[in-house]
Amino acid sequence: MTAPGSTHASMAELNRSRIIQLLHHNGICSRAHIARQLGLTPAAITKITAQLIDMGVVSETGNLDGIKKRRSIGLQLNESKYRVIGVKFARTLVRIGVFDLGGNLESEQLLPPVAIGSIRNTLDDVKRRIDVILDADGSIVAIGMAVPGPYLRDEGRIAVVTSMVEWRDVNFIDEFAGAFRVPAFIEQDARAGALAQSLFGGGANPRSLGYYLIGEGVGLGLIDDGGLVNGNLGAATEIGHVSIDIHGRPCECGNVGCLENYCSAVSLHRAIIDGGLVDGAEGMTHTAACTALFRRAEDGDETALALVREFARYIGYGCVTIINAYNPAQIILGDIMAQAGPMLLDEVKAVVERHALSALRDTTAITISDLPVDATLSGAAAVAAAQFLEHPTEFVGQPDD
């Protein structure tokens, strides 16, 4: 049963959210511009923006040139007044960052590498570190967490994690949802990355994009018509476990020839060790070993360059699948493997040119993430920031009507 006045309250919250999101995407705007963009009356905009100013979410700024050169007062979102925590969980890597609502990183912590048998200690360490951050900063309003996929959203667990199967035993909802003084929101890592590109990426298409995560795992986050594609269980677009070779390498998921086995940082690290391409690679993290190989390739080492190109071709086959199956306007490559830069991107584009459907290929831009921070860590922050932008009064209190 709907409570009296709830429809009015919901509409008011929706309009507050629309204004906040417009300011987030467009920067400083006048009240008249907001009214035109959102199709609301000037009187309604005046009332709602006054509420947002009282809440401290929006502030007035200098004069702007309006229609017929009339001067009007600008409004801006107070991005630096509120902060969020982002936590990136990868197989062996956990990062914690504090961000403002504009996606600007203010501080970052890299936890000790996660090893088999140490996941429980890592989870407890994450909680301790977040509690310390929250105790020191009252402006933090939410926590976002990005976890490997396929992540079953309603259950709170990861269905498959190759090379670190113990992560499957973790229930992230039970661990974190009610553990702190502010709410924690959990999302699959590639979808979080797509959200970061949409909210914080200057060159991204916020209506239609695929964030292609190629790190310790391989995943895809897809935004279609402005919204994330989630699927029935929250595990849609799981490209890492799409088979590209029916006679290929066995995968821990039970399939064979999974894309992840041919182009992840874990697979590249293994190839580096097998080929003796980087001294001391056995004792390195996946990130360090891959970075060392990329450096050798950039310096002209033909063997290193050939290996980067081989892995890039498989990444390119993933792009072909993304283009033919989902038809996004843009594919953004991110995480460890994307650090190879142009030598990887050029090979990816060459594969797409040869194999993707031409009508779709020619309208799909393929780029490397331009976010200044790890897109998955930024994505974790974006998960929290998006909740604030969509439901502001849940975080800063209900305004007086």
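On average, how much accessible surface per residue is there in the stretch 202-370, in Å², for a 1.4 Å probe, leaving out ligands, DNA and RNA?
Accessible surface, normalised per residue, equals 42 Å².
Between Asp274 and Asp131, what is the label-to-label distance in nm when each label sits 7 Å out along the Cα-to-Cβ direction?
Going by the 7 Å Cα→Cβ label model, 4.5 nm.
Share of the chain's accessible area from carbon and sulfur, percent, 1.4 Å?
50
With +1 on each Lys and Arg Cβ and -1 on each Asp and Glu Cβ, and nothing else charged, work out how big the dipole of the chain is about its Cα centre, in Debye to the nearest 20.
Dipole about the Cα centre, nearest 20: 1260 debye.
Net charge around Ala375, counting only other residues with Cβ within less than 11 Å of its Cβ (Lys, Arg = +1; Asp, Glu = -1)?
Details: positive: Lys88; negative: Asp189, Asp335, Asp370, Asp374.
Every neighbour counted, the sum reads -3.
Report the label-to-label distance for Asn78 and Ala32 in nanometres (one decimal), using points 7 Å from each Cα along the Cα→Cβ vector.
Simple spin-label model gives 2.7 nm for this pair.
Considering amide H positions built from the backbone, and no H for Pro or chain starts, which residues 5 or more places from Phe185, or on another chain, come under 5 Å of its amide H?
It is Ile143, Gly144, Met145, by chain and number.
For a quick check of understanding: with a 1.4 angstrom probe and all protein chains in place, what accessible area in square angstrom does Lys127 have, to the nearest ten?
Probe radius 1.4 Å; accessible area of Lys127 about 50 Å².
Taking the Cα centre of the stretch 258-401 as origin, work out the dipole magnitude from +1 charges on Lys and Arg Cβ and -1 charges on Asp and Glu Cβ, in debye rounded to 20.
540
Please report, in whole Å³, the volume per residue of the convex hull around the C-alpha atoms of the stretch 8-78.
On the way: hull volume 5.8 nm³, N = 71.
Each residue corresponds to 81 Å³ of Cα convex hull volume.
How far apart, in nm, are two points set 7 Å out from the Cα along the Cα-to-Cβ line at Asp346 and at Leu233?
Reported label-point gap for Asp346 and Leu233 is 4.2 nm.
Can you give the FRET efficiency for Ser107 and Glu252, using 1/(1 + (r/R0)^6), R0 = 35 Å, r = Cβ-Cβ distance, to the nearest 0.05?
It comes to 0.50.
So how much accessible area does Leu360 have, in Å² to the nearest 10, using a 1.4 Å probe?
The value for Leu360 is about 40 Å².
Work through the residues other than His241 whose Cβ is under 12 Å from its Cβ and net out their charges, Lys, Arg +1 and Asp, Glu -1.
Charge balance in the 12 Å sphere: -3.
Using the Karplus curve 6.51 cos²θ - 1.76 cosθ + 1.60 with θ = phi - 60°, work out ³J(HN,Hα) for each residue of the stretch 337-346 in order, rounded to whole Hz, and write x for Gly and Pro.
5, 5, 5, 5, x, x, 5, 7, 4, 4
For Ile53 and Val182, compute 0.36 nm times the residue count separating them, minus their Cα-Cα distance, and round to one decimal in nm.
Contour length minus the Cα-Cα distance gives 44.2 nm.
The values are calculated or read from the model by the stated rules, or taken from the named source; none is laboratory data. Everything quoted here is computed from the prediction, not taken from an experiment. As a convention, Cβ positions derive from the backbone with ideal geometry for all residues, glycine included, and neighbour counts pool all protein chains shown. Only protein heavy atoms, including side chains, enter the accessible area calculation; ligands, DNA and RNA are left aside. Shrake-Rupley method; radii C 1.70, N 1.55, O 1.52, S 1.80 Å.
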